[in-house]
Amino acid sequence: METNRYLLSILVDDEPGVLSRIAGLFSGRGFNIDSLSVATTADPHVSRITMVTNCDAQVIEQIKKQLHKLINVITVTDLTEKKYVERQLALIKVHAKPEKRAEILRIVDIFRCKIVDVGHSHYIIEMSGNSEKHAAFVSLLKPMGIVEIAATGSIALARENGK
Amino acid sequence: MKLTGAQILIKMIKFEGVDTIFGYPGGATIDIHDELARHPDLRHILVRHEQGAVHAADAYSRAHDSVGVALVTSGPGATNTVTGIASAHTDSIPMVVFTGQVPTALIGNDAFQEVDIVGITRPCTKHNYLVKDPNKLAATIREAFHIARSGRPGPVLVDLPKDIIQAEIEFEMPEETALRSYKPNYNPNKKQLAKAVAMLKEAKRPVIFAGGGVILSRASDALTRIAKMADIPVTGSLMGLGAFPGSHPLWLGMLGMHGTFRANMSIGNSDLIIAAGVRFDDRVTGNVKKFAPHAQIVQIDIDPTSIHKNIPVHCPIVGDCKAALEGILDLMEKEDPETLKIDRAPWLDQIDQWKQTTPLKYEQGPKIIKPQYVVEKLYEITKGEAIITTEVGQNQMWAAQFYHFDKPNHFITSGGLGVMGFGLPAAIGAKAACPDKLVVDVAGDGSIQMNIQELMTAIESRLDVKIVILNNRYLGMVRQWQEFFYDKAYASTNMENAPDFVLLAQAYGAKGFRCDDPAKVEETLKLGLETPGTVIMDFRVEREESVYPMVPAGGAITEMLLV
């Protein structure tokens, strides 16, 4: 069956072990997690987990139902069915030899990123955007020599009225 | 009022209406047992192995139609409960298991008899808790019982560190549990119910498929009335036996790998299946691609994950089985009864033909006892009224095939997980729940040895159970697979080296009888059942008898190996 990328926004009780229940559900039932990010919400007793997974339509239905079945899961929203804003945050350390600096700055400018650290031979660039922007940015920087990347998983919110 | 954690625990267990718990003490729970001794109204049955406590609590729950409770110590006491918890989880049995834990200050330090039982049981409980604050103990226990018995029931584990048990705090009865993240949906969608009835009116070859959910939701009456009103034949999963009267002409027998010919053929040829409280386990469906190719499927389940999981469903109904079946019944009662069973006669004739040509069968000769014959005689002698527990394997299948259950909660077996060693502790739990009932464990010679130590529990607690061993000196079900699919290479399945079960019974203080003569089967059963106390009946049966019909793994359920 055809697989698609799904973005789930899951509200959970902020209790010890909740993440482990979710991770255990995925490993135990053979579902994939492509990325995962967790933080508290405006309500300190509630955390939001944003999860990206690739699977077919039947599996995503099971994933949503199985997640909802966990006692500590309050809501499961499939953002892929809605209009949403998605962001990832990445810190990218690139080699910045003098002759490449201008080119790197141009790329950073075009992608509306920021240089957050400068050294004798490197920049650290802060980038935020959706996963396509992330991929495009990294591919342009690759020829400059990427030293290392630290990136978060996707976070996302439905647009107003979720339409 | 100041109470200790142990006192709160016992108070809350009683508050939940529990009168019997199954347990085994240890260092971490010594305070609870010390307190328990002062509460004669809460019966504690001391098992001989923690696995036995959980299986007994499982069967107690089923026979008593309430929540089973087990209490064990930390570390090995806790890990020994895992098999029983996993079995209850697969079979959706409401249960609360209390485990002792090292003091909170030592958690994570690899202390003596410390184990992360909450981590270990996360995938095999409905939910679990580690109590870290004595002020939350009472509310947690109340929540545990609520979760165990509501929605799709299941086991809940509560881990109790020793300092929480010993703490003394001001007790206040917690309010009724209200969880924003857990609100099971009991009420079925009315449009879906109407759709199901409309589908029934169109159907010429309908079948009802009843599972454990019918028994758990006490929906047997509604289901039986629907079947009778519209002349719909009924089959059941292993867990559904007793949901519909086994002696009624509309009963097809069990479905699946060892289902009856007519049940499997009926499903294979049906045009409508009304599935209630089932999850279409692989032992029932066989090859899912070839399952019921002509049928529209209505599926009723309180757990949405059970729907569309293995089999595509045309009319899903999420809700309580009883509420849904009663809703369907109400709608049917508004119809002209004749429109509900148009053209039913050819279908019932066809099923009757299947029954006549290919019944469950075996031939009892003069020399060697057939295991099926023992179960059939047991059924006759007990008039079908005993509570039957089973071990797992051939004994379980023969019990399911040849003992016909007219009422729910009379067949107690480890259905989904298939736990050998389940039957004896389960029989003890069922007897504790129903002291006036005859309780019989139909066992194999292999599986009875897996929790044989519980004989002592039965004797000590005067919970008289009758154990019928179908002794073929093989691990019979595996041997059967080896015969069919592994060229009769009987690797590791020979059980000829076995204890003398009669002497073993005597060693524990029970009675033992042996029988190897077909002519004396009835006499031995009568003697064993009438003898007071716990009794082992050791029937030396045909060694290489197999369970038929059999659907080879991966085959369609209509492709059966027959005798």
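Values quoted throughout were computed directly from the atomic coordinates according to the rules given, and no laboratory measurement underlies them. From a predicted model like this one, the values you see are computed outputs, not experimental measurements. Virtual Cβ from ideal backbone geometry, glycine too; neighbours counted across all protein chains shown.
Values computed for the structure shown
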read-out	value
Number of partner chain Cβ atoms within 10 Å, mean per residue of A:67-77	4
Exposure proxy order (Cβ contacts within 10 Å, fewest to most) of B:ARG62, B:ARG473	B:ARG473, B:ARG62
Phi to ³J(HN,Hα) by Karplus 6.51 cos²θ - 1.76 cosθ + 1.60 over the range A:72-84, Hz, x for Gly, Pro	7, 8, 8, 9, 10, 10, 8, 5, 4, 7, 10, 8, 8
Length-normalised contact order for the range B:325-444 - Cα pairs under 8 Å, 6+ apart - percent	25 percent
Separation in nanometres of the label points that stand 7 Å from Cα toward Cβ, at A:ASP43 and A:SER121	5.2 nm
Over the range B:40-159, relative contact order from alpha-carbon pairs under 8 Å, at least 6 apart, %	28 percent
Long-range amide H partners of B:GLY555 with built H, under 5 Å	B:ASN287
Using θ = phi - 60° and Karplus 6.51 cos²θ - 1.76 cosθ + 1.60, couplings along the range A:126-142 (whole Hz; Gly, Pro as x)	9, 10, 10, x, 7, 5, 5, 4, 4, 5, 5, 5, 5, 5, 6, 7, 3
Modelled FRET efficiency - R0 41 Å, A:SER128 with B:ASN187, Cβ distances, 0.05 increments	0.35
Near-label residues of the range B:79-120 by backbone N, under 17 Å of a point 7 Å along Cα→Cβ of A:GLU15	B:95-99, B:117-120
Normalised contact order of chain A, rounded percent, pairs of Cα under 8 Å and 6 or more residues apart	28 percent
Estimated distance in nm for a label pair at B:ASP221 and B:ASN135, the labels positioned 7 Å out from Cα along Cα-to-Cβ	4.6 nm
Lysine pairs in the range B:2-170 with Cα atoms under 17 Å, if 8 or more residues apart or on separate chains	5
Whole-number Å³ per residue for the convex hull built on Cα positions in the protein assembly as shown	200 Å³
Å³ per residue enclosed by the Cα convex hull of chain B	151 Å³
All aspartates and glutamates inside 17 Å of A:LYS93 as judged from Cα atoms, apart from same-chain residues fewer than 8 positions distant	A:GLU103, A:ASP109, A:ASP117, A:GLU126, A:GLU148
Å³ per residue enclosed by the Cα convex hull of the range B:2-170	93 Å³
B:THR177-A:MET1 pseudo-label distance in nm [points 7 Å out on the Cα-to-Cβ vector]	3.2 nm
Derived scalar couplings ³J(HN,Hα) [the range B:508-518; Karplus, 6.51 cos²θ - 1.76 cosθ + 1.60; whole Hz; x for Gly, Pro]	7, x, 9, 9, x, 10, 10, 8, 10, 10, x
Per-residue Cβ neighbour rank within 10 angstrom, fewest leading, B:PHE485, B:PHE422	B:PHE485, B:PHE422
Among B:214-221, B:290-297, the order from most to least packed when residues are scored by Cβ within 10 Å on average	B:214-221, B:290-297
Debye-sum result for the range B:167-219 in log10 I(q)/I(0), which assumes one identical scatterer on each alpha carbon, at q = 0.13, 0.21, 0.28 Å⁻¹	-0.63, -1.04, -1.16
B:SER414 long-range amide H proximity, modeled H, under 5 Å	B:THR390, B:VAL419
Residue order, fewest to most surrounding Cβ atoms within 10 angstrom, among B:TYR182, B:TYR486	B:TYR486, B:TYR182
Chain lengthening between B:GLN113 and B:ASN287 when straightened (0.36 nm per residue, less Cα-Cα)	58.1 nm
10 Å-binned pair-distance histogram of the range B:190-357 (Cα, whole percent)	11, 45, 38, 5, 0
For the range A:86-158, radius of gyration divided by Kirkwood radius, i.e. Rg to Rh on alpha-carbons	0.97
Quarter of the Cα convex hull surface for the range B:104-213, i.e. its orientation-mean projected area (nm²)	10.6 nm²
Overall dimensions of the range A:38-85 as given by Cα atoms, namely Rg and Dmax in Å	11.9, 34
q = 0.15, 0.19 Å⁻¹: log10 I(q)/I(0) that the Debye formula gives for chain A, counting C-alpha atoms only	-0.87, -1.11
FRET E, pair B:GLN166, B:GLU460, Förster distance 45 Å, beta-carbon r, rounded to 0.05	0.95
Cβ crowding within 10 Å averaged over residues, with A:138-148, B:13-23, B:96-106 ranked highest first	B:96-106, B:13-23, A:138-148
Violating pairs (Cα-Cα greater than 21 angstrom) within the set B:LYS228/B:LYS355; B:LYS290/B:LYS322; A:LYS97/A:LYS142; B:LYS289/B:LYS309	B:LYS290/B:LYS322
